[in-house]
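Input: a single structure, listed below in structure tokens.
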């Protein structure tokens, strides 16, 4: 039962960022770029200088093995869509990790997510800690010129302990999986 709930939760969390990119579909083929109302929320995929951060493509199987992580079987449920790079991992203690690089800005997440009482380390600023529903899983997100990169961690007992209790682990995995790449994403 808990495994099924974890799978359903991971799939739901994977779909939410894709929904946030719905404005990008019309933008990708539009030489005019973003509509003014989308400017605060999305990066312009039609801009030839925009290169999406791809943390999922940047992580190697060797790195995952060193961290004791396995690629999630749930990856097959992720929707491939322009403007988002998503992948999932399972931890040795039955936790779930979802990692994204996406063409949305932090403001989109601030409006769509539930802010949590947790402050990511200053080296990630601008950054945000939030939950999709306020009860399960914590996501640490940082904005870069190449899009927003984020790592969500959901523990086995997240629904019992509360989303904010997952934030230290979300930040730990953000540091381990994205870590030094954050500077690279911000300098390009």
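Structure values in brief
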| quantity | calculated |
| --- | --- |
| nm² value of the averaged projected area, convex hull over the Cα atoms of the range 62-115 | 5.0 |
| Whole-Å distance, taken between Cα centres, linking the range 103-128 and the range 37-88 | 17 |
| Footprinting exposure proxy for 151, 114, 164 (fewest neighbouring C-beta atoms within 10 Å first) | 114, 164, 151 |
| Which of 50, 43 has the fewest Cβ neighbours within 10 Å, and the rest in rising order | 50, 43 |
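Every read-out reported here was derived from the displayed coordinates using simple, explicitly stated rules and does not represent laboratory data. No experiment lies behind these values; they were computed from the predicted model shown. Neighbour counts run over all protein chains shown; Cβ positions are idealised from the backbone, glycine included.
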